[in-house]
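Here's the structure, in structure tokens; my notes come after.
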Amino acid sequence: MNESANSKRKAVLFCTCSGICPSMTQIDFWALAERVRLELGDQIEFMALHPRLCEEDGERMMRQILSDKIQFITPACAEKKQEKLLRDGFAKAGVPMDKEHWIPVGMAKETTDTVFNRIKLALAGQPQPASPPAPPPPKPEGQS
Amino acid sequence: MKARAYLGIPRDLIPWSPRIDSDRCIGCGECLNTCPNNVFVLNEAENKMTVANPTNCVVLCDKCAGFCPEEAIEFPNKDEFKKVLQRLLQELREKAGSEASSPQPK
């Protein structure tokens, strides 16, 4: 990561995917947000939590708060999926979705502790650990 | 495991999930790459996507449809579906109200 990205102020923007996403059942979002506030709060400009950043109302919020001067850490679904689902929000805000402005943190299939540690790494400018390979999806009935 | 619920409504009572037009589906997997919840699986024999886990679909989420290059994924109309949710919520509140007001067994 370049120096410019590391020196930028940082904000944490959670997307909880409605709060009942099957891939996030191991996460206590309120405990996570409070722990980030308590233990990492002095490193962040602000944090926000939205139930669906990828929907129109989430994108409206992104348009209001995304800024060229801030690097956004987005704990949300898997990083690759965030590239697709948050793309419009960044575009509407006129902020490039590049390393200087955006660090995705995958929460899919993770626990509260793991996500906290990933946010901590992101704030420190450290690379995210590689996600384990996704298990193969179940076969539909009738296929062996 | 505790049953999942959306706004207090058990998820399996909420009829929100995608439908795939198999005549249009080309089995490209874009939907699979968009949805994190194993809603879709590829029927390899026919090279078509199928909806294997409809209740894993996040209620009112239809993002996969926007990424389908063949426009083969359909969802219920969102505005209409919000009315369905309001009705389910009303039923839930009425049920809770009647249970609260009924005499408790001694």
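The values are calculated or read from the model by the stated rules, or taken from the named source; none is laboratory data. Values in this document were obtained by computation on a predicted structure and should not be read as measured data. Cβ atoms come from the backbone with ideal geometry, glycine included; neighbour counts cover every protein chain shown.
Within the stretch A:2-16, is there a residue that is out of contact with any strand residue (DSSP E or B) (no Cβ under 7 Å at 6 or more places or on another chain) and under 28 Å from B:Tyr6 (Cα atoms)? No, there is no match, as no residue in the stretch A:2-16 is out of contact with any strand residue (DSSP E or B) (no Cβ under 7 Å at 6 or more places or on another chain) and under 28 Å from B:Tyr6 (Cα atoms).
Give me the residue from the stretch B:6-36 that is under 22 Å from A:Gln82 (Cα atoms) and within 11 Å of the chain's Cα centre (by Cα) and, out of that set, nearest to the other protein chains (Cβ to nearest Cβ). Taking the candidates together, the pick is B:Ser17. Could you go through the stretch B:33-47 and let me know if any residue there is modelled with pLDDT of 95 or more, out of contact with any Gly (no Cβ under 6 Å at 6 or more places or on another chain) and assigned to a helix (DSSP H, G or I). Within the stretch B:33-47, none of the residues are modelled with pLDDT of 95 or more, out of contact with any Gly (no Cβ under 6 Å at 6 or more places or on another chain) and assigned to a helix (DSSP H, G or I).
Here is a yes/no grid of residues against (1) crowded, with 19+ Cβ neighbours inside 10 Å; (2) modelled with pLDDT of 95 or more; (3) among the acidic types (Asp, Glu):
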residue	(1), (2), (3)
A:Glu45	no, yes, yes
A:Glu56	no, no, yes
A:Leu121	no, yes, no
A:Pro133	no, no, no
A:Pro138	no, no, no
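Note on the stretch A:29-43: residues that are farther than 10 Å from A:Val12 by Cα, crowded, with 17+ Cβ neighbours inside 10 Å and out of contact with any Lys or Arg (no Cβ under 9 Å at 6 or more places or on another chain) total 3.
All conditions in (1) in contact with a strand residue (DSSP E or B) (Cβ under 9 Å, 6 or more places away or on another chain); (2) not in a helix (DSSP H, G or I) hold for A:Lys81, with the sole exception of (2). Select from the stretch B:66-102 the residues that are in a loop (DSSP other than H, G, I, E, B) and among the polar types (S, T, N, Q) and write down the one among them that is nearest to the other protein chains (Cβ to nearest Cβ). Filtering first and then ranking leaves B:Asn77.
Looking only at residues of the stretch A:44-54 that are part of a loop (DSSP other than H, G, I, E, B) and within 14 Å of chain B (Cβ to nearest Cβ), we find that the one that is nearest to A:Leu13 (Cα to Cα) is A:Leu53. Name the single residue, out of those in the stretch A:58-86 being polar (S, T, N, Q) and surrounded by fewer than 21 Cβ atoms within 10 Å (Cβ to Cβ), that is farthest from the other protein chains (Cβ to nearest Cβ). Within the stretch A:58-86, the match that is farthest from the other protein chains (Cβ to nearest Cβ) is A:Ser67. Restricting the stretch B:40-65 to residues that are within 19 Å of A:Glu83 (Cβ to Cβ) and within 9 Å of chain A (Cβ to nearest Cβ), the residue that is surrounded by the most Cβ atoms within 10 Å (Cβ to Cβ) is B:Phe40.
In the stretch A:87-101, the count of residues that are assigned to a loop (DSSP other than H, G, I, E, B), within 14 Å of another protein chain (Cβ to nearest Cβ) and basic (Lys, Arg) is zero.
Okay, residues lined up against (1) in contact with a Phe, Trp or Tyr (Cβ under 9 Å, 6 or more places away or on another chain); (2) not in a strand (DSSP E or B):
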{"site": "A:Leu40", "(1), (2)": "yes, yes"}
{"site": "A:Arg60", "(1), (2)": "no, yes"}
{"site": "A:Ser67", "(1), (2)": "no, yes"}
{"site": "A:Phe72", "(1), (2)": "yes, no"}
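In the set (1) surrounded by fewer than 19 Cβ atoms within 10 Å (Cβ to Cβ); (2) on the phi < 0 side of the Ramachandran plot, A:Gly19 fails one condition alone, (2).
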